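To keep things clear, I will list the structure first and then write my remarks on it.
The values are calculated or read from the model by the stated rules, or taken from the named source; none is laboratory data. The structure displayed is predicted, hence computed values, not measured ones. All Cβ positions, glycine included, derive from the backbone under ideal geometry; neighbour counts span all protein chains shown.
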Amino acid sequence: MNKKISLAVIALVFVLVIGGSSVLYAKLSDGQAPDQLVLVGSPKDENDKNGGGGSDQQGSEQQGSEQQGSEQQGSEQQGSDQQGSEQQGSEQQGSDQQGSDQQGSDQQGSDQQGSERHETKAMDFTAYDSAGNAVKLSDYFGKPIVLNFWASWCGPCQSEMPDFNEKYLEIGEDVQFLMVNLTVGRETLSSAQGFISQKGYSFPVIYDTDSDAADTYSVTSLPTTYFIDAEGYLIAYAVGAIDSETLQRGINMIV
């Protein structure tokens, strides 16, 4: 009897361990993909780059708030000391209200100015096609561009490539796909071309044998994808593998 109980307990523990491991793996896998695209040139990005533009704005608002509070305190004190002077208190209140309206108008104008997105031009680089001819990113300006950095040894790169190829076959005449292979270190021209040939992918591939593209865009994680509009401005980017839905959302931003 005791033996049967022991076996039942062991079986239950085994089931719990396997089930817990499956749940943990699923959550870790979900965390690998980016939840959303990052917009380039948004007001928040510009404030971060400038290192404190928002702090000055906050200080100005705080100073205005303190001044308004001081006026209100003075008005209350005046009303307490001169209870019979209702007309003067009314005029003071009207003056405070006018100042508050003016402050709100200034704040509204500041918010409207801050909502404008500052455009960022895509940085140019030189890479090489399969025949060894030098090509520049700027050669493709005039059409929306999906710029992807990848390597054949990169698992996440491999997972997203079928979606890229399918989308290229669908809209490749209207949107320029540029799949930039980081042809350095363990990645060689032969290994990269062999991978593309084996998978049967049709999208255009260029090879960053001089690391000019990777250095220009400070690529430290693969894959990385940029979405560039037809005028050559960076619109959004994603670090890590993206699914077909995210890819389509990025394309929608540039067409």
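Consider the stretch 115-143 and keep the residues that are within 18 Å of Val184 (Cα to Cα) and touching a helix residue (DSSP H, G or I) at 6+ places or on another chain (Cβ under 6 Å). The one that is surrounded by the most Cβ atoms within 10 Å (Cβ to Cβ) is Ala127. Look at Ser197 and say whether it is in a helix (DSSP H, G or I), in the same structural domain as Gly250 (by TED's automatic domain parsing), surrounded by fewer than 18 Cβ atoms within 10 Å (Cβ to Cβ) and touching a Ser or Thr at 6+ places or on another chain (Cβ under 7 Å). No; evaluated as a whole, the condition is false for this residue. Assigned to a helix (DSSP H, G or I), touching a residue at least 40 places away in the same chain (Cβ under 8 Å) and not basic (Lys, Arg): is that true of Ala213 in this structure? Criteria met by Ala213.
Considering only residues that are part of a loop (DSSP other than H, G, I, E, B) and in contact with a helix residue (DSSP H, G or I) (Cβ under 9 Å, 6 or more places away or on another chain), look in the stretch 144-176 and name the one that is nearest to Asp210 (Cα to Cα). Checking each candidate, the answer is Ala151. Could you tell me whether any residue of the stretch 177-193 is part of a loop (DSSP other than H, G, I, E, B), modelled with pLDDT of 95 or more, of a type in the set (Asp, Glu) and closer than 20 Å to Glu231 by Cα? Within the stretch 177-193, none of the residues are part of a loop (DSSP other than H, G, I, E, B), modelled with pLDDT of 95 or more, of a type in the set (Asp, Glu) and closer than 20 Å to Glu231 by Cα. Apart from one condition, Val146 fits all of (1) surrounded by 22 or more Cβ atoms within 10 Å (Cβ to Cβ); (2) in contact with a Gly (Cβ under 9 Å, 6 or more places away or on another chain); (3) more than 13 Å from Ile251 (Cα to Cα); the exception is (3). Is it the case that the stretch 229-238 has a residue that's farther than 20 Å from Glu170 by Cβ, hydroxyl-bearing (Ser, Thr, Tyr), within 19 Å of the chain's Cα centre (by Cα) and modelled with pLDDT of 95 or more? Scanning the stretch 229-238 turns up at least one residue that is farther than 20 Å from Glu170 by Cβ, hydroxyl-bearing (Ser, Thr, Tyr), within 19 Å of the chain's Cα centre (by Cα) and modelled with pLDDT of 95 or more. Just give me the residues in the stretch 150-176 being surrounded by fewer than 18 Cβ atoms within 10 Å (Cβ to Cβ) and either hydrophobic (A, V, I, L, M, F, W, C) or not assigned by TED's automatic domain parsing to the domain that holds Gly200 (or both), in sequence order. Within the stretch 150-176, Trp153, Leu169, Ile171 meet the criteria.
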